[in-house]
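What follows is calculated from the coordinates using simple rules that are stated; it is not laboratory data. Given the structure is predicted, the values throughout are model-derived calculations rather than measurements. Cβ: placed from backbone, ideal geometry, glycine included. Neighbour counts: every protein chain shown.
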């Protein structure tokens with residue numbers, strides 16, 4: 001963030017020199033595109049046609065007043081206020097240097113080290129002789145200036161005696177090239193003869209759609225941006241590394257609306273020679289968001305995926321997996337089909353229409369993992385219930401799994417004690433719904449891992465407390481296209497409170513301090529669609545001075561008791577998920593053991609299995625190899641003696657369990 005302050009200060013200094021020295025030479029027209037001077041290895045580029053107007057609108061917005069209170073931004077805000085005061089006193093100067101295109105690009109200049117290059121359009125002022133004399137007269141002895149020649153161009157070196165920092169700049173065509181790293185200034189001069197980035201057809205295709213829009217634009221070069229992200233995070237991940245192959249360039253425009261809403265809109269060029277989620281999003285079609293007629297209006301978040309054909313989307317999704325993942329998935333499906341004597345395409349994907357929605361509801365005091373729902377829209381000409389009933393019968397015939405059914409207000413709610421069933425069919429996204437309950441409302445199949453959640457959805461549907469009747473949501477959703485490939489929506493105050501059960505107490509304490517800032521954007525949405533064979537993205541975060549609060553929905557113990565023979569829900573319903581019940585999703589029903597490792601190769605946990613259920617020894621380890629938890633399962637339920645250890649190997653606690661019920665020893 002300090003770089004931003006330095007960058008604006010440098011531009012202001014150049015402006016002072018130009019304003020007082022060669023004002024009458026200051027042409028507003030550019031004879032050379034700034035992007036041609038950006039070296040090809042830029043991770044990202046920020047562009048503004050009027051950086052001071054953008055600055056003024058951002059730092060004086062109501063949103064920034066809230067964000068500036070965050071501890072991370074407090075020191076930066078002091079610098080901003082100082083510079084803002086300086087800018088306010090130089091209105092004449094700002095008018096002289098307004099409407100100047102400014103580019104800021106980020107580059108790796110050596111292994112895991114990045115710095116910034118600034119390019120400012122200064123017009124005929126770039127041809128002024130002896131600019132160092134102007135700086136010397138304005139800045140005095142505290143900023144001595146030297147110069148040298150690089151490939152027939154003069155590179156000026158400005159030293160800040162107080163800080164010891166050096167600033168380098170050169171004048172090229174009608175541009176001023178500035179950096180705190182001389183190698184970037186030289187690379188910019190070299191780039192003028194190559195213009196690799198500025199002449200790239202994918203870059204041109206996305207940038208022409210956003211240039212000049214919003215307060216500023218951001219261009220991402222994925223060939224180098226992936227490495228920048230990995231260096232920032234301090235580790236490599238397959239999902240980030242894959243961006244280099246899957247995407248080429250993105251261009252986004254950023255704006256702040258009068259009502260305080262933050263808007264980011266742009267386009268991404270997808271590598272059509274590589275199969276990926278992004279390729280599927282471009283080529284799998286779009287759909288309207290019709291399930292708002294069923295989704296309860298008290299949600300925390302949702303993700304809607306639209307497509308033309310479920311089977312085709314399923315097959316394309318398989319192409320997106322790497323060889324190992326694809327082989328493992330296909331083996332699991334083949335084993336499932338063989339064991340249950342079913343056809344997954346026929347009995348699952350054939351009845352799915354054009355919409356799948358994954359959502360998290362407001363908390364109902366059900367614990368960490370009992371707030372998730374999967375909605376699948378069924379086709380009008382194929383009965384989902386008939387296919388699901390067949391699927392359920394095959395599970396009962398060919399496995400020890402039993403299926404419990406309860407009627408509630410005319411709807412049949414079924415429970416399948418089949419670990420990891422939805423994850424096996426639909427992927428990691430549904431790992432939260434480990435053992436599904438399901439019902440059918442209208443032509444939608446509703447899955448959840450808790451019957452109370454389904455009961456709440458039925459109640460809200462009958463009482464018409466649905467998202468489609470929520471005026472606040474409808475007004476916000478009206479800012480997006482009705483047809484899209486994917487749409488995500490977050491009710492941030494609700495989502496914020498749900499986070500408490502997903503992070504450690506220490507992390508929650510840090511997050512909770514920022515509640516006034518985070519919740520001043522009560523609604524956020526992201527839309528993904530296809531436009532001219534590009535990926536179109538629109539992200540909006542709505543601003544509000546007074547974010548709404550909410551009340552927790554209470555659960556119904558009498559209703560839950562109907563499922564007590566299928567699962568010991570009533571024994572644990574009033575507590576959050578304890579440390580001694582690990583989240584394990586079994587993909588292979590025939591496996592006798594399951595082992596999972598950390599990214600560093602150390603064993604995370606090992607558990608014995610029987611017929612797809614946890615049965616036998618369980619051991620969990622810290623990343624340092626020390627034992628964390630050990631105990632036993634019996635028919636998928638914790639049983640016997642369980643022990644918890646700290647990271648040094650010292651015993652913290654021992655508990656004894658009998659069929660899931662436990663007490664401290």
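Where does each of 337, 152 land when they are ranked from fewest to most other beta-carbon atoms within 10 angstrom?
152, 337
Can you work out the FRET efficiency for the pair residue 393 and residue 648, with r the C-beta to C-beta distance and R0 = 30 Å, to the nearest 0.05?
0.05
Which value in nm describes the separation of the simple spin-label points at residue 150 and residue 328, placed 7 Å from the Cα toward the beta carbon?
4.7 nm
Under the 0.36 nm per residue contour assumption, what length would be gained going from the current alpha-carbon distance of residue 195 and residue 386 to full extension?
Gain on stretching residue 195 to residue 386: 62.6 nm.
Using the Cα gyration tensor of region 191-259, with a ≥ b ≥ c the square roots of its eigenvalues, what is the shape: rounded (a/c below 1.5), prolate (a/b larger than b/c) or oblate (neither)?
oblate
What FRET efficiency comes out for the pair residue 403/residue 656, r = Cβ-Cβ distance, R0 = 30 Å, nearest 0.05?
0.45
Starting with the fewest neighbours, write out 184, 158 ranked by other beta-carbon atoms found within 10 Å of each beta-carbon. Don't jump to the answer; show the numbers that get you there.
Values: 184 26, 158 22.
Neighbour counts put them in this order, fewest first: 158, 184.
Give me the one-decimal nm value for the distance between modelled label points at residue 533 and residue 346, 7 Å along each residue's Cα-to-Cβ direction.
3.9 nm
Would you please give the FRET efficiency between residue 641 and residue 606, computed as 1/(1 + (r/R0)^6) with r the Cβ-Cβ distance and R0 = 22 Å, to the nearest 0.05?
Taking R0 as 22 Å, the efficiency between residue 641 and residue 606 is 0.80.
If each residue's Cβ is checked for other Cβ atoms within 10 Å, how do 146, 248 rank with the fewest at the top?
Ranked by crowding around the Cβ, least crowded first: 146, 248.
Once both labels are modelled 7 Å past Cα along the beta-carbon direction, what's the residue 143-residue 235 spacing in nm?
Between residue 143 and residue 235, the simple spin-label model gives 4.4 nm.
Would you mind calculating the gained length between residue 109 and residue 515 on full extension (0.36 nm times residue separation, minus the Cα-Cα distance), in nm to one decimal?
Full extension from residue 109 to residue 515 adds 142.4 nm.
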